Amino acid sequence: MTELGPVAWPPAPIRTERLVLREPEARDRAAVIELLASPEVSTYLGGPQPRDEIERAMPGAPSRRPGLFTVDLDGAMIGQITLTRATGHIRQAAGEAELGYLFLPQAWGRGYAAEACAAALDWFAGALPGEPVVLATQTANVRSMRLAAKLGFVEVERFAAYGAEQWFGMWSSVTPPG
């Protein structure tokens, strides 16, 4: 897994009390399109992508790549989590392992994101012990800010980017939650 380092990919599915984190499959296509076209999901990500463009760009199964987990509830995709090496889209994150997450609006408010992200971070801590993970979100995204705090991310700085104030935090398996 070049994105994160010497980690075998894909890992065995990660099971939590209610969820399974697994690789994307062909059956997830409709949910991925829904996720990327959702105005609610993309409010703080530059707006929704046109559904027809997404459908053209994804003629078959959703892409499978190291660090991309599908979050599955009772056999259906409800979200995605990424753990990838940041490419510099945000200067502060360049070269660091970065957590990202998107969940369908119908899955919001039930603790699924916290449960799934905590499981992904636990997996990461076992695969790359002691390595920190970063996260950036708009300060206006109150739900994402709450999730970051719940997961134990500690604020490093705030900065302006993409026309909005951004929050940048760091998590480490060796640093207790703040």
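The values are calculated or read from the model by the stated rules, or taken from the named source; none is laboratory data. No experiment lies behind these values; they were computed from the predicted model shown. Here the Cβ is made from the backbone with ideal geometry for all residues, glycine too, and neighbour counts use every protein chain on show. When the accessible area is computed, the model is the full protein with side chains, heavy atoms only, and any ligands, DNA or RNA have been set aside. Shrake-Rupley method; radii C 1.70, N 1.55, O 1.52, S 1.80 Å.
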Self-check item: Potential lengthening between residue 156 and residue 82 on full extension [0.36 nm per residue; Cα-Cα distance subtracted]
Solution: 24.6 nm
Quiz item: Residues with amide H under 5 Å of residue 139's amide H, sequence separation 5 or more or different chain, H placed in the peptide plane at 1.01 Å from N; which?
Solution: 165, 166, 167
Quiz item: Taking the Cα centre of segment 15-124 as origin and charging only Cβ (+1 Lys, Arg; -1 Asp, Glu), how large is the dipole, in debye to the nearest 20?
Solution: 200
Quiz prompt | Built amide H within the under 5 Å cut-off of residue 98, gap 5+ | solution = 84, 85, 86, 134
Quiz item: To the nearest 10 Å², what's residue 145's accessible area with a 1.4 Å probe?
Solution: 40
Quiz item: Where is the GNM fluctuation largest for the chain (alpha-carbon springs, 10 angstrom cutoff): 131, 98, 17?
Solution: 17
Quiz item: Pick from 127, 136, 57: which residue has the top mean-square fluctuation in a GNM of the chain where Cα pairs under 10 Å get a spring?
Solution: 57
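Can you give the direction-averaged projected area of the convex hull of the alpha-carbon atoms in segment 49-144, in nm²? Don't skip to the answer; put the middle values down first.
Details: hull surface 31.1 nm².
If you wrap the Cα atoms of segment 49-144 in a convex hull and average its projections, you get 7.8 nm².
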Quiz prompt | Top of 147, 21, 68 by mean-square fluctuation, Gaussian network on the chain, Cα under 10 Å | solution = 147
Quiz item: Using the heavy atoms of the protein chains alone and a 1.4 angstrom probe, what is the accessible area of the chain per residue in square angstrom?
Solution: 50
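Which three semi-axes in whole Å describe the equivalent ellipsoid of the chain, each the square root of 5 times a Cα gyration tensor eigenvalue, listed largest first?
Details: eigenvalues 110, 83, 52 Å².
Equivalent ellipsoid semi-axes, largest first: 23, 20, 16 Å.
Evaluate 2.2 N^0.38 Å with N set to the residue count of segment 1-46, then give the Cα radius of gyration divided by it.
Numbers: Rg = 14.3 Å, N = 46, 2.2 N^0.38 = 9.4 Å.
Cα-based Rg divided by the globular estimate yields 1.52.
So what's segment 1-82 giving for Cα Rg divided by 2.2 N^0.38 Å, two decimals?
Taking the Cα Rg and dividing by 2.2 N^0.38 Å, one obtains 1.16.
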Practice problem: State the Cα centre-to-centre distance between segment 15-54 and segment 98-155 in whole Å. | Solution: 16
Quiz item: For residue 140 and residue 56 in one chain, what is 0.36 nm times their gap in residues minus the Cα-Cα distance, to one decimal in nm?
Solution: 27.1 nm
Quiz item: Which chymotrypsin sites (Phe, Trp or Tyr not before Pro) in segment 105-158 pass both tests, a DSSP loop state and at most 16 other beta-carbon atoms within 10 Å?
Solution: 108
Exercise. State, in angstrom, two size descriptors of segment 107-178 derived from its alpha carbons: Rg to one decimal place and Dmax to the nearest whole number.
Key: 12.6, 36
